[in-house]
Amino acid sequence: MAAREMKPGVYWVGANHWDRRLFDELIPLPDGTTYNAYVIKGSERTTLVDSVDPEKEDELIENLQSIGIERIDYMISNHAEQDHSGGIPRVLETFPDAKVVTNLKCKTMLMDHLLIPDEKFIVVNDKDTLSLGDRTLEFVIAPWVHWPETMLTYLREDKILFPCDLFGSHLATSDMYAVDEARIYETAKRYYAEIMMPFRHIIQKHLKTLEEYNISMIAPSHGPIHNRPKFILDAYRDWTSDTVKNEVILPYVSMHGSTEKMVKHFTDALIKRGITVKPFNLTKTDIGELAIALVDAATIVIATPTVLVGPHPVAVYATYLANALRPKTKYASIIGSYGWGGKMPEQISSMLGNLKVELVKPVIIKGHPKDGDLVALDELADAILQKHHECQLL
Ligand code: FEO
C-alpha cells in the first residue's frame, strides 16, 4: 500500500499483511495485520519510527523512495520484536548514515537478535529528547507492553504518540484512521486480550503517565491510526480497570454428551438468573474470541470430561491460556463428568495459580447427568449469582 501523509512532513510508510492468519504460530489473525512505520521529516533531520516485518521490507523501502527519502538520520526502535524491528538491518543497509535510537534494553535485544553492531546505536533514557530541527521527539520508557524493552515516542509539535504495539489492533485495512470505531473496538479488544492483558497493572501505570501528554493522534504499529485518541484511551482504561461484568465464560468440551448436557442446563440456569453467559465449544472456537470474553467477565467455569484420569487436553489448553493471560476474573468453577474416577478438578484448579480467583464448589458427576446432578448445577448458578451480588454486578 502506498505511503500516505498524515500531517505535513509526517507519513505512514508501513505495509498491510492482508492474508497473514497466524502470529507467533499461536495467535489467530482473522483480519490479517499491518506493520505501521512512520517517517517524520524535520527541518534538519529525518526519522523513521519502527520498521516492518522482514517479509514486507521491500514495501517499506518502496514507500520511502516514493516520498523522496534519500537520507534517514534516525531509526527509532520502540520494540525489538521482529514485526517492527526485523526490517532494521535492511533500512541500515539502504541508508548507511542512519543511527538506531532506542533504550539500553532494546539495544541489547537488537544486538542479540539482529546482530546490529554497537556503533550503530544512540541510547536514550526516559524523557530524553531528540531534535530534528523544527520538530522534537520525546521518549517514554514504558516496559512490558508487552516485552521488557518497550518504549513510546512522542512527537511534541504535532502531539502524535507512536506507542508501537500499545493501542494497536491486528487489522489489515485501507483505512488510515480508525473511522469505523465499532469494528476497531472489537479488533483492538482482541489485540489487548491476546497481547496486553497479562500486563494489565503496568499498563494502568503507563496510562497514568500518558495523562501528562497532550495527544492529538495515536499512531500504533498495528491497525489504523487513532485520530480521536479518547476512543482508544477510554477503552484501555475500561479494559485495564478492576471492574468486572456480570458474565460467566464457559469454555467446554464434551466427548459423549454428558458434559455438553451439563453445559446446556447450566447455561439456561445462569440466563434465568440474569447472568450473561458465553459458552465456547473448545473444539470449534477461535481462541481469540475466548480471550476477548475473558477481558471483562467476573467468572470462568471450565467444563470438561475426564480423560485418562485428568481433564480433556483441549480444556487443559484453554485453562493454561486463561491462566497465562491473567484476566481480572474474580471467581472460577469446574463442571464435568467422569466414567470411573480421576483427578480432573484438582488438575484444572491447580493450573489457575496466576488468577486471583475464589473457587466456587465444582460440580463433578459420574456418567450421564441425573436429576440430582442438574439440581447441583442450579445450586452452582445460585452460588455464582450470590457472588455477583456481593460484587454489586446486578
Ligand atoms: Fe507487534 Fe510485539 O510486536
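The values are calculated or read from the model by the stated rules, or taken from the named source; none is laboratory data. As the structure is a prediction and not an experimental result, all values here were calculated from the model. All Cβ positions, glycine included, derive from the backbone under ideal geometry; neighbour counts span all protein chains shown.
Look at (1) without any contact (Cβ under 8 Å) to a residue 60 or more places away in the chain; (2) under 27 Å from the mean Cα position of the chain (by Cα) and you find that Leu393 fails only one, number (1). Scan segment 164-184 and report the pairs whose first residue is assigned by TED's automatic domain parsing to the domain that holds Ile215 and whose second residue is surrounded by fewer than 24 Cβ atoms within 10 Å (Cβ to Cβ) and of a type in the set (Phe, Trp, Tyr), with Cβ atoms within less than 8 Å and a gap of 6+ or a chain change. Every condition considered, the pairs that remain are Phe167/Tyr236; His170/Phe23; Ala172/Trp18; Met176/Trp12; Ala178/Phe231; Glu181/Phe231; Ile184/Phe231. Of Thr129, Thr102, all but one fail to be of a type in the set (Val, Ile, Thr), more than 16 Å from the ligand (Cβ to nearest atom) and free of Cβ contacts under 8 Å to residues at least 60 places away in the same chain; the exception is Thr129.
Determine whether Val91 is more than 15 Å from the ligand (Cβ to nearest atom) and part of a strand (DSSP E or B). In short, no. Only residues that are more than 12 Å from Ala188 (Cβ to Cβ) and either within 14 Å of the ligand (Cβ to nearest atom) or touching a strand residue (DSSP E or B) at 6+ places or on another chain (Cβ under 6 Å) (or both): list them for segment 164-175, please. Result: Cys164, Ala172. Tell me whether segment 105-113 contains one or more residues that are assigned to a loop (DSSP other than H, G, I, E, B) and either within 23 Å of the chain's Cα centre (by Cα) or of a type outside the set (S, T, N, Q) (or both). Looking through segment 105-113, none of the residues is assigned to a loop (DSSP other than H, G, I, E, B) and either within 23 Å of the chain's Cα centre (by Cα) or of a type outside the set (S, T, N, Q) (or both).
For segment 198-207, a tally of residues being within 21 Å of Gly223 (Cα to Cα) and either within 16 Å of the ligand (Cβ to nearest atom) or of a type in the set (Ser, Thr, Tyr) (or both) returns 4. Answer yes or no as to whether Pro220 is crowded, with 21+ Cβ neighbours inside 10 Å and in contact (Cβ under 8 Å) with a residue 60 or more places away in the chain. Spelling it out, Pro220 is indeed crowded, with 21+ Cβ neighbours inside 10 Å and in contact (Cβ under 8 Å) with a residue 60 or more places away in the chain. When Val309, Val314, Val301 are checked against the criterion of being of a type in the set (A, V, I, L, M), buried (at least 21 other Cβ atoms within 10 Å of the Cβ), outside the structural domain of Glu25 (by TED's automatic domain parsing) and in contact (Cβ under 8 Å) with a residue 24 or more places away in the chain, a single residue qualifies: Val301. Residues that are within 12 Å of the ligand (Cβ to nearest atom) and surrounded by fewer than 18 Cβ atoms within 10 Å (Cβ to Cβ) within segment 176-197 are absent altogether. Picking from residues in segment 145-163 that are buried (at least 24 other Cβ atoms within 10 Å of the Cβ) and outside any strand (DSSP E or B), the one that is nearest to the ligand (Cβ to nearest atom) is Thr150. Restricting segment 25-37 to residues that are surrounded by fewer than 23 Cβ atoms within 10 Å (Cβ to Cβ) and outside any loop (DSSP other than H, G, I, E, B), the residue that is farthest from the ligand (Cβ to nearest atom) is Pro28.
Can you tell me which of Ile292, Ile225 is touching a residue at least 40 places away in the same chain (Cβ under 8 Å) and touching a helix residue (DSSP H, G or I) at 6+ places or on another chain (Cβ under 8 Å)? Exactly one residue qualifies, and that residue is Ile292.
Set side by side, the residues Phe266, Phe231 differ, and just one is aromatic (Phe, Trp, Tyr), surrounded by 15 or more Cβ atoms within 10 Å (Cβ to Cβ), touching a helix residue (DSSP H, G or I) at 6+ places or on another chain (Cβ under 9 Å) and assigned by TED's automatic domain parsing to the domain that holds Trp12, which is Phe231.
Kindly establish whether Gly68 is more than 27 Å from the chain's Cα centre (by Cα) and surrounded by fewer than 18 Cβ atoms within 10 Å (Cβ to Cβ).
Here the answer is yes, as Gly68 does meet what is asked.
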